[in-house]
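Written below as structure tokens is the structure these notes are about.
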Amino acid sequence: FDNLLRFEWEHAVSQDLFMFTIDYNAKQRILDDGDLNYIIGLNRDRQEKRRVPYLFEHVNIPFDNKKFHFNKIKDAEVLFSLDNEQQTDKHLIIINAAPIRPYHVLLVPYRELEQPQVIERNNLISIIFPDVANPLCLDSLCDLLLGQIIETKYVVTADCIVFGCEFVAASAHPYIVAGLNSLCAYASVNHLHLHGMYCPGRMFIQTLKCSVFHTKSNCYLLDSFQPQAFAFEVKHIDEFNKISQDVYKITNYLMLNNIAHNVAIVKGDSFSSADNVLRIFIWFRQSITNGEKFERCNFAFLELSGFMTMPDEKVYNTLTESEMCQHMNRLGLSVEEQERIKDDVKNLLDN
């Protein structure tokens, strides 16, 4: 897997498909005034030369075919499909044309369905019943087959989480990560996708301890910082689907309630044993509307996980872990909001 990813990515570099020259020796350092082992790097080109991110005011916005999406990319930007069923458009791995670091890719599930960050009834039916061509009959079909749809309602968005788990598990790299940013949490394109990349070192979320949150679902809580995060561990490939459904329950709840969120999938220590597992984190946080950027620190899934790049060398040279944590903690929701969300999520996981 890793050889294929690197080979195809380097082939894309040779075809001049990226927006800037890739720096394989970019500066990076560890913030050494604390014990998080937080890694920062310098990347001027990404902010200056990337496609201008779209501005969003809400977490749930319909897909807009007139704006950039992944059906508009060049065929050469598609690296390969990570799909055992050989459905070549189901689990696409494509380049990120403005990468954070070398081998930064995007994971795009069911590209042809043009999904935003929300599961849609018509898209669901088109997967379960691909031979149904008349959209006018879909609503009645939903009603007639409600029982079956309830059984399969996670097929699209939960599959996105399974895709991320398979991506991380397929790699031999110890610091590989897959992650998702919702709208208003630094997603720049409203077409369902995850990011995937090799990080330069261990991220603190790979080992940080979490407290038990919901015993029945084996859900944990990362509350060492604001914003807080729900967390799951996956010990075996057979658990991918079940745990992805629980993750989807939470992200769907957050989306429906217009709560910005980020998701990260990494290799790490078990929360409850000496095993090596996949860890999945879901942060719930304050919204960043209309693409607002801050001078020193901005937090999407990667930065919340323990790795941040920045365009300003002065910030790179002077940032401390203490300051970084202060900026991170400002993203926390109020205590009342956090408690309400946690109560609601417990009720979701009970069912």
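Converting phi to 3J(HN,Hα) with the Karplus coefficients 6.51, -1.76 and 1.60 and the offset θ = phi - 60°, segment 202-212 yields 5, 8, 5, 6, 6, 10, 4, 6, 10, 9, 5 Hz in sequence order, with x at every glycine or proline.
When Rg and the Kirkwood radius Rh are both evaluated on Cα atoms of segment 211-351, their ratio Rg/Rh stands at 0.99. Accessible area ranking (1.4 Å probe, heavy atoms, ligands and nucleic acids excluded), largest first, for Ser81, Ser217, Ser224: Ser224, Ser81, Ser217. Rounded if a/c is under 1.5, else prolate if a/b beats b/c, else oblate: with a ≥ b ≥ c from the C-alpha gyration tensor eigenvalues square-rooted, which is segment 1-73? It comes out oblate by the Cα gyration axes. Taking every protein chain into account, the 1.4 Å probe leaves Glu10 with about 70 Å² of accessible area, to the nearest ten.
Taking the accessible area of segment 225-344, probe 1.4 Å, and keeping the other protein chains in place, the carbon and sulfur fraction comes to 45%.
In straight-distance terms, cross-link reach from Lys74 covers every one of the aspartates and glutamates whose alpha-carbon lies under 18 Å from its own, apart from those fewer than eight places away in the same chain; here that gives Glu8, Glu10, Asp16, Asp89, Glu112, Glu114.
Of Lys267/Lys346; Lys235/Lys342; Lys49/Lys72; Lys66/Lys346, which ones are farther than 30 Å apart at the Cα?
Lys66/Lys346
Rounded is the label for segment 155-269, because a/c, from the alpha-carbon gyration tensor with a ≥ b ≥ c as root eigenvalues, stays below 1.5. Under a 5 Å amide H cut-off, with hydrogens placed 1.01 Å from N, Ser287 pairs with Ala260 among residues at least 5 apart or on other chains. Ignoring lysines fewer than eight residues from Lys27 along the same chain, the ones with Cα atoms less than 17 angstrom from its Cα are Lys314. Annotation for segment 1-68: trypsin sites (Lys or Arg not before Pro) lying in DSSP loop with at most 12 further Cβ atoms inside 10 Å of their Cβ are Arg51, Lys66, Lys67. Across all Cα pairs in segment 295-336, the calculated P(r) in 5 Å bins from zero up to the longest distance comes to 5, 20, 33, 24, 10, 4, 2, 1 percent per bin.
The values are calculated or read from the model by the stated rules, or taken from the named source; none is laboratory data. Owing to the predicted nature of the structure, the values given are computational and were not obtained by experimental measurement. So basically every Cβ, Gly included, is an ideal-geometry build from the backbone, and we count neighbours across all protein chains shown. For the accessible areas, the whole protein counts, side chains as well, though only heavy atoms, and no ligand, DNA or RNA atoms are used. Shrake-Rupley method; radii C 1.70, N 1.55, O 1.52, S 1.80 Å.
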